[in-house]
Amino acid sequence: MRRRGIAKIYLYPTIFIVAVLGLAVARVAFFPITPDPPASQPATQSATAPTTELDEPAKPEKKLADLLDVILHDNPDYPTTQPLDLPADLYDAGKVVVDRPVYIDALGRLWVTHEGGQDVQDVLRRPIRGNTLIVKQHVLHVMYPLTGRPAVFVKSGETTIDRLTDRRSDRFRLDAMADWSAATRFGDQDVVVPTGAGALIYKPGDPGNQNPSLINVWNGNDPAAYARPARVLSTGDRFLTWADQAGSVPVLVEQKGSKQLTVEAGWFEHPLQFILLADGSILGAGKGEEGIRLRLTSLEAPPPKTPQQIEKINAIARELANRDPRIREKSQRELEEMGPGIHPELEAILESLPVEAQMRIENILGQRFAPTLGGLLPLEGEVQTVARFPDGGCVLLLTGGGTVSEDGEDRSIIPAWIAIRPGHYIERLPDKMVEGFAPGKYKFFSQGSEWVQFDPVLGPRRWMGSRYETLLPKSLRHFDTFVGIDGNKRWVFRSTKEAGKTLIIDPSLPDITPRLPVWAIDAPDGAGWTDGDLPAIQRGKQVFVLGESGWRLLNEATEKFVDTSPAILPTNAITPDGTRLELAGNAVTAGGSTIIHDAKGATSIFFVEGRIFLTAPGEVHRFSLAGKLDRTFTKALPAADPKRTWVDQHGRLVMAGESGLWVAFPTGRVPRPLASLMIQQPVNDDEE
């Protein structure tokens, strides 16, 4: 027993020593010991040279992710770095001109080309999120197939384009006449693009230089026939291509083959427009000697209908007798869009419906022999194509007009303006929308329920249901082509006078166009202000105060009305960072340094919304903080010296005279609560 105890006494120290040695070996093996640096060098620096910022690894440049990133990258002085909390009205929204290609795809995504963006294929390898994509390549078209990932067509050279997916790239020859704004899907993978000779079909294939297939709509080789791109109308599984010129031969293309719509088959020498109906039939419009000609026909027998389809037809037919005339009209247009393939079902249910529904069904059935355009039966007279849309739609002007049947009576409409757009019922444009419209001088654009008219003087104007609303100030009215509206409600325009430039109206950004809306308020009983610097006017014995969102009575217990001119004009202002601005001797200094050498004879200085405002009788001059004049405002301002000029607690530049108030808004926009109170809208210097 004693020997065992002695053995244990020697055993434990031995184990401890072995463990310590093992740890030492591991320390040397995995963490090599380096000699200490010389005493003159800090232990954290190299012994041979000091570390500088140039030695640090460069951080990868952050990719631009949004439109505001692009704006700030190209214009670091842009005064806004954050979007607005609430979207602004279009006229008050930010208006940004970018000298870069911009494209809106079928899902409303905005693709902006910028060298600081991502590679398109990198974007396609991940789920696409958001409505804004900044990419390096010039995007021409994005095709979303029924299955699989999107394909993006980009311009890769002066004569080539690439079709990019997440896995492959196909190269095609670039046709100079191809109208990529009207490109559309055909089948699950192909893209159709109109060109001068007809339509090009781009099919994915083996890598290498490829020529797209051409569907020619001309018999002959007359170069004049190819002066402008043909038209393409697609339903996805088939498309029709034609040219709005005499001698064009429309071609209907399906997966199983193509068919020409020739004059010999009863079609038109001069085709104008086509509508592909739901049952596979075609409603066509052409120009004849006596005006417009219509033809409604089925090229093939419609497929058998399911019980559910028949019940849907019957349900819509019953709505033809609804008490609401809008529902009756909508139901009739919906049945017309289904095509002549539903005529047997309508005939079967005809006798069981009320008289109103029977009359409307008879009108639909009668279109087999006398087709109409949205219920309008054309009369003799000239027909003119007023507008063409990228989706294949158009606006036609029938100078001879037509007749419509309303409540069992025929009514003439002369002239008639007809809008034909895929996905919409054929409609007659309201009289007020086309009042004074001169084809060739004015232009129409449309997307969804929005209509835009371009006026050569007033620029783009938005149709508001009963009137037009001007969208742009004078300086931007040369942007005369409406591109579309993206998923973030941004309106995009291009200019035929400035190639390559794109205007984006973004409601999430404030408008930085130099504007100073002025609200002139008559105050025959006197104008002044409260002791809290809010503008106020007298009406008889009462005093009304203009608050942030409207008028209220003066609270005599806590407020005083003042109308006595102050003894001293404000000749200094303080910026948010504490810099003192001084107006003296017709110059302005900032912190003692002169930044404005010609103060335009101003008598007062204010700093509002990041800008310097100098006021003089009948004038307000706006300068940047660097001293650069960017606008002089004169309209709607008092010509004589007011009693007082000041900036109130809501950031409004106010001028009080003996019998009037002038409230100016340095942000360039009037808050909605105040705008709703104004009988007459405030005047802007950029208005006519």
Among residues of the range 316-347 being in contact (Cβ under 8 Å) with a residue 60 or more places away in the chain and among the aliphatic types (A, V, I, L, M), the residue least open to solvent (accessible area, probe 1.4 Å) is Ile342
In the range 589-612, residue surrounded by the most Cβ atoms within 10 Å (Cβ to Cβ) [restricted to those that are over 20 Å from Lys643 (Cα atoms) and over 41 Å from the mean Cα position of the chain (by Cα)]: Thr589
Of the residues that sit in the range 67-88 and are modelled with pLDDT of 90 or more and of a type in the set (A, V, I, L, M, F, W, C), which one is most open to solvent (accessible area, probe 1.4 Å)? Leu72
So which of Glu435, Glu356 ends up being among the charged types (D, E, K, R), under 26 Å from Asn322 (Cα atoms) and open to solvent by 20 Å² or more (accessible area, probe 1.4 Å)? Glu356
Tally, over the range 144-171, of residues that are of a type outside the set (D, E, K, R) and either under 14 Å from Gln189 (Cβ atoms) or modelled with pLDDT under 90 (or both): 11
Sole residue being among the aliphatic types (A, V, I, L, M) and farther than 24 Å from Leu240 by Cα, chosen from Leu429, Leu398: Leu429
When you look at Leu350, is it surrounded by 16 or more Cβ atoms within 10 Å (Cβ to Cβ), in contact with a helix residue (DSSP H, G or I) (Cβ under 6 Å, 6 or more places away or on another chain) and part of a helix (DSSP H, G or I), yes or no? no
Do we find a residue being in a loop (DSSP other than H, G, I, E, B) and charged (D, E, K, R) anywhere in the range 319-326? yes
Between residues in the range 117-143 that are closer than 22 Å to Gln189 by Cα and in contact (Cβ under 8 Å) with a residue 40 or more places away in the chain and residues that are part of a strand (DSSP E or B) and open to solvent by 40 Å² or more (accessible area, probe 1.4 Å), which pairs lie under 8 Å by C-beta distance while being six or more apart or on different chains? Gln121/Ser169; Leu140/Lys155; Met143/Arg185
Among the residues that make up the range 304-311, is at least one of them farther than 14 Å from Ala357 by Cβ and of a type in the set (A, V, I, L, M)? yes
Are any residues in the range 422-436 of a type in the set (A, V, I, L, M, F, W, C) and without any contact (Cβ under 8 Å) to a residue 40 or more places away in the chain, and if so, which ones? Leu429, Met433, Val434
Part of a strand (DSSP E or B) and modelled with pLDDT of 90 or more - does that describe any residue in the range 219-230? no
Report, ordered by the first and then the second residue, all pairs with beta carbons closer than 7 Å, sequence separation of six or more or different chains, a first member in the range 281-301 that is under 20 Å from Arg238 (Cβ atoms) and touching a residue at least 60 places away in the same chain (Cβ under 8 Å), and a second member that is open to solvent by less than 70 Å² (accessible area, probe 1.4 Å) and among the hydroxyl-bearing types (Ser, Thr, Tyr). Ser281/Thr297; Ser281/Ser298; Leu296/Ser281
Which condition from (1) open to solvent by less than 70 Å² (accessible area, probe 1.4 Å); (2) among the polar types (S, T, N, Q); (3) in contact (Cβ under 8 Å) with a residue 60 or more places away in the chain is the one that Gln255 breaks? (1)
Could you grab me the full set of residues in the range 92-117 that are within 13 Å of Asp506 (Cβ to Cβ) and either in contact with a Phe, Trp or Tyr (Cβ under 6 Å, 6 or more places away or on another chain) or surrounded by fewer than 20 Cβ atoms within 10 Å (Cβ to Cβ) (or both)? Val97
Any chance Val139 is farther than 26 Å from Glu498 by Cα, buried (at least 20 other Cβ atoms within 10 Å of the Cβ) and under 26 Å from the mean Cα position of the chain (by Cα): no
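Would you call Asn555 polar (S, T, N, Q), part of a loop (DSSP other than H, G, I, E, B) and either closer than 30 Å to Val102 by Cα or open to solvent by less than 60 Å² (accessible area, probe 1.4 Å) (or both)?
no
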Taking the residues in the range 386-408 that are of a type in the set (S, T, N, Q) and open to solvent by 40 Å² or more (accessible area, probe 1.4 Å) as candidates, determine which candidate is farthest from the chain's Cα centre (by Cα). Ser405
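The values are calculated or read from the model by the stated rules, or taken from the named source; none is laboratory data. If you're wondering where the values come from, they're calculated on a predicted model, not measured in any experiment. Backbone-built Cβ (ideal geometry, glycine too); neighbour counts: all protein chains shown. Ligands, DNA and RNA are stripped out before the accessible areas are found, and what is left, the full protein with its side chains, is counted by its heavy atoms. Shrake-Rupley method; radii C 1.70, N 1.55, O 1.52, S 1.80 Å.
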